[in-house]
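The values are calculated or read from the model by the stated rules, or taken from the named source; none is laboratory data. Just so you know, these numbers come straight off a predicted model, no measurement behind them. Please note: Cβ atoms are built from the backbone with ideal geometry, for glycine as well, and neighbour counts cover all protein chains shown.
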Amino acid sequence: MTDIVNIAITSGSGPEECRIAVERLVEHINAAARKDNLKVHCLHGPSGGGRLPRSVILTVTGKDAQSFVRPFIGTVRFVFDSPVRKGHKRRNWFVGVSLLGQSILREEEASLNLADVRFETLRAGGPGGQHQNTTDSAVRAVHIPTGLTTLARDERSQHRNKALAVQRLADMLSIIADEKHEAEKKDLFLSHKALERGNAVLTISG
């Protein structure tokens, strides 16, 4: 059975090094997923003026994707010297990983008016054989009020790709809504203090 799992990775209100840790965790998960023949789609959240985004959403697709993501859920600690502040003594940087459940998606979809979404079809391209290369099965969804764009080419069915594109758009709006809500409380999406206090489920060096 093919699973489709969405996880959010956030640096919280941490410094630029924590955003770098987010980027490195995405690379780590991508490499591990390739070994397990899983597909990973990355959706970047807003950067808030920084060089890198504060948060991303990963959509992991494939057999036993639920089991694959489970070890990453929680607080992940990275150990590396700061590449942006030479000589900085701190070497531990924390990011949070959470599973986006269907209840969260449904709540956000309720505020996503499909009348505000423009759909475009295009050649899927990439792996998948002749069918993908000759059929306009990929779907791009554009949220007109914000300009946010998502693309789905995972499935051969245009209908399935349209549903995936809408889901990814709802996920992105969820990130933005959460960050806006937390910013009002001076806590961006997830309290970085809470990240540091939490017990790390995984430690990655370098």
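Tell me, please, whether a residue that is modelled with pLDDT under 80 and of a type in the set (A, V, I, L, M, F, W, C) can be found in segment 133-148.
Checking segment 133-148: at least one residue is modelled with pLDDT under 80 and of a type in the set (A, V, I, L, M, F, W, C).
Here are 84, 79, 95: which of them is under 14 Å from residue 19 (Cα atoms) and either basic (Lys, Arg) or at pLDDT below 85 (or both)?
84
Would you confirm whether any residue within segment 51-66 is within 25 Å of residue 140 (Cβ to Cβ), in contact (Cβ under 8 Å) with a residue 24 or more places away in the chain, of a type outside the set (Phe, Trp, Tyr) and part of a helix (DSSP H, G or I)?
Residues of segment 51-66 within 25 Å of residue 140 (Cβ to Cβ): 52-62, 65.
Right, trim to in contact (Cβ under 8 Å) with a residue 24 or more places away in the chain and you get 52-62, 65.
Narrowing the set further to residues that are of a type outside the set (Phe, Trp, Tyr) leaves 52-62, 65.
Of the ones still in play, those that are also part of a helix (DSSP H, G or I) are 65.
Yes, segment 51-66 contains a residue that is within 25 Å of residue 140 (Cβ to Cβ), in contact (Cβ under 8 Å) with a residue 24 or more places away in the chain, of a type outside the set (Phe, Trp, Tyr) and part of a helix (DSSP H, G or I).
Tell me, please, whether a residue that is at pLDDT 80 or above and among the β-branched types (Val, Ile, Thr) can be found in segment 104-116.
no
What is the residue count in segment 149-163 for residues that are out of contact with any Asp or Glu (no Cβ under 6 Å at 6 or more places or on another chain) and assigned to a helix (DSSP H, G or I)?
Count: 5.
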